[in-house]
1. Semi-axes of the equivalent ellipsoid for the range 134-289, please: Cα gyration tensor eigenvalues, times 5, square-rooted, ordered largest first, whole Å.
2. Nearest 500 deg cm²/dmol is fine: what mean residue ellipticity at 222 nm does the chain get from its DSSP H runs of n ≥ 4 alone, each adding -39,500 (n - 2.57), divided by its residue count?
3. Starting from the eigenvalues of the Cα gyration tensor, five times each then square-rooted, give me the equivalent ellipsoid semi-axes of the range 131-180, largest first, whole Å.
4. Rg and Dmax of the range 1-113 over Cα atoms: what are they, in angstrom?
5. Out of 149, 169, 210, whose Cα points farthest toward the positive end of the dipole of the range 77-213 (charges: +1 Lys, Arg; -1 Asp, Glu; placed on Cβ)?
6. Is there a pair in 2/41; 22/163; 2/163; 23/165 whose C-alpha atoms are over 27 Å apart, and which pairs would that be?
7. Roughly speaking, what is the centre-to-centre gap between the range 186-215 and the range 220-289 when only Cα atoms are used, to the nearest Å?
8. Let me spell out the model: positive unit charges on the Cβ of Lys and Arg, negative unit charges on the Cβ of Asp and Glu, origin at the Cα centre of the chain. What dipole size does that give, in debye rounded to 20?
Amino acid sequence: MKLSNLWNEKPVTLSFEAFPPKKDVDFDTVRFAIEQIAELKPDFMSVTYGAGGSTAAYTAEIARIVQAGHGVPALAHLTCVSSNRDRIQQELENLKAVGVENILALRGDYPQGYDPNAPRDYRYAADLIKEIRAFGGFDVGAACYPEGHTECRSQEEDLLHLKEKVDCGVDFLTTQMFFDNSVLYSFLYRAQRVGIQVPVLAGIMPVTNAAQMTQILNLSGSTPPYRFRMLLDRFRERPDAMKQAGIVYAAEQIVDLVANGIRGIHVYTMNRPDVAAKLLENLSGVLGR
Ligand code: FAD
């Protein structure tokens, strides 16, 4: 199923993110967790793509399992920074062969020691989007950053690049995680002003592990509000309390987003079926499920 049909059919969509294993030995464990998440019947599941393509084959395989085994549409992520044209064509053929119809087109982070000015086939995600469009047959999503992408000098400049990216043929956007809904509302207002009209799915991360969260915050460039920092500080050493508080915080964010008319909630479930299930338990009515 092409995802752009979803927003015509449903007032609010719920999607979960899965990430494939990095090593063969982990495949069965990760697959089991992802299948449990799929059994919760989200409207779709996105499947990440390892930086540098390290889990490329697994992305297609997990997407196939989610779709064929559980009837849940898949959104396969694809990055281009470390790829050449032949490789991307091969990836597109592979995804098509397993029945994937939706791709989240990304540049990807620069690998360590990489020279960003070195000649390469794809400079930005926009270049990949054009290539996927030319290939045909896929709905195309892209990433956006309500607080601005970490490399960009200003939010204004980042937004103009985002508009250029959308104009290359993007059907929908998924946001980087954020922990303060007012950040998203302000971003949506600014995005509308530059003419971005595609659906924007709000990326929500239920925090269940404080140490991991500190690392993620550094990488993502998200600024946690005071209330959220207090929660991390208070429950850092108590995993059960941290998990409960993290799920409640995410649930509160989602209630507020839906109440304010946001049409798509994308949850970074980190391959945790227990977290996804708990969140759903609290929100089934809010999400109309
Ligand atoms: P782009 O849209 O190309 O933007 C990158 C930077 O370049 C931005 O600062 C932008 O402002 C700037 N820029 C764009 N166009 C121009 C231009 N014409 N001139 C000058 N500057 C320009 N990474 C993975 O490795 N695997 C994943 O599966 C994955 N999934 C993700 C899912 C989501 C929802 C998000 C938000 C991120 C994900 N990432 C993933 C991380 C992503 O790859 C990185 O954030 C990466 O650094 C940027 O990718 P992008 O597609 O947003 O890049």
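1. Equivalent ellipsoid semi-axes, largest first: 28, 18, 14 Å.
2. -13500 deg cm²/dmol
3. Over the Cα atoms of the range 131-180, the semi-axes work out to 23, 13, 7 Å.
4. 14.0, 46
5. Positive-most Cα among the choices belongs to 169.
6. The answer is 22/163; 23/165.
7. First find each Cα centre; the distance between them is then 13 Å.
8. Dipole magnitude for the chain comes out near 300 debye.
The values are calculated or read from the model by the stated rules, or taken from the named source; none is laboratory data. Just so we're clear, the structure is a prediction, and the values are computed from it rather than from any experiment. Note that we place each Cβ from the backbone using ideal geometry, even for glycine, and neighbour counts take in every protein chain shown. For accessibility, only protein heavy atoms count, side chains too; no ligands or nucleic acids. Shrake-Rupley method; radii C 1.70, N 1.55, O 1.52, S 1.80 Å.
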